[in-house]
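Down below is the structure, laid out as structure tokens.
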Amino acid sequence: MTTKEIMEQSVRFLDSKKAEDICALDIHKVTSLGDYFVIASGTSTTQVRTLADGLEEHFSKQGLEPLRVEGGSSAMWVLIDYGDVIVHVFYSEQRDFYCLERLWADAPKVDISGLLQQS
């Protein structure tokens, strides 16, 4: 599976589970951390944990395991590292506080509109 496919599947999965404010950043030209950040929000810590756990399960069924997962115990910000694709699932207030989109403003946003089903 390519990094683009992992990013796209992450976006589609999170969208299907009602994550909010989903975006993807193409970070490969601004850092060696990876190729993409996928960022999404949940409206409660329960939803954040459910989104993160569900995404892990989704990829696990395809034989893809994360290199590491951080923040699962508090579920305020869960980071799931798939190597060149790093997924951030935030509790809404934490996302506003950390504002990764502003911190990584040099990374272009990926047009994910064709991947989203929510209106």
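Quick notes
- Test result for Ser41, touching a helix residue (DSSP H, G or I) at 6+ places or on another chain (Cβ under 7 Å), of a type in the set (Ser, Thr, Tyr) and modelled with pLDDT of 95 or more: yes
- Residues of segment 58-113 that are closer than 17 Å to Lys4 by Cα, acidic (Asp, Glu) and touching a residue at least 60 places away in the same chain (Cβ under 8 Å): Asp84 alone.
- When the criteria are applied in full, Phe90 fails the requirement of being surrounded by fewer than 16 Cβ atoms within 10 Å (Cβ to Cβ) and hydrophobic (A, V, I, L, M, F, W, C).
- Among the residues of segment 93-108, just one is surrounded by 13 or more Cβ atoms within 10 Å (Cβ to Cβ), over 10 Å from Phe37 (Cβ atoms) and charged (D, E, K, R), namely Arg95.
- Output for segment 14-32, where each listed residue is open to solvent by 30 Å² or more (accessible area, probe 1.4 Å) and either assigned to a helix (DSSP H, G or I) or touching a Cys at 6+ places or on another chain (Cβ under 6 Å) (or both): Ser16
- Screening Leu79, Leu100 for residues that are modelled with pLDDT under 95 and closer than 16 Å to Ala19 by Cβ leaves exactly one candidate, Leu100.
The values are calculated or read from the model by the stated rules, or taken from the named source; none is laboratory data. It should be emphasised that the depicted structure is a prediction, and the values quoted were computed from it without experimental measurement. Don't worry about glycine lacking a Cβ; one is built from the backbone with ideal geometry, like all the others, and counts go over all protein chains shown. Remember, those area values only see protein heavy atoms, side chains included, never the ligands or the DNA or RNA. Shrake-Rupley method; radii C 1.70, N 1.55, O 1.52, S 1.80 Å.
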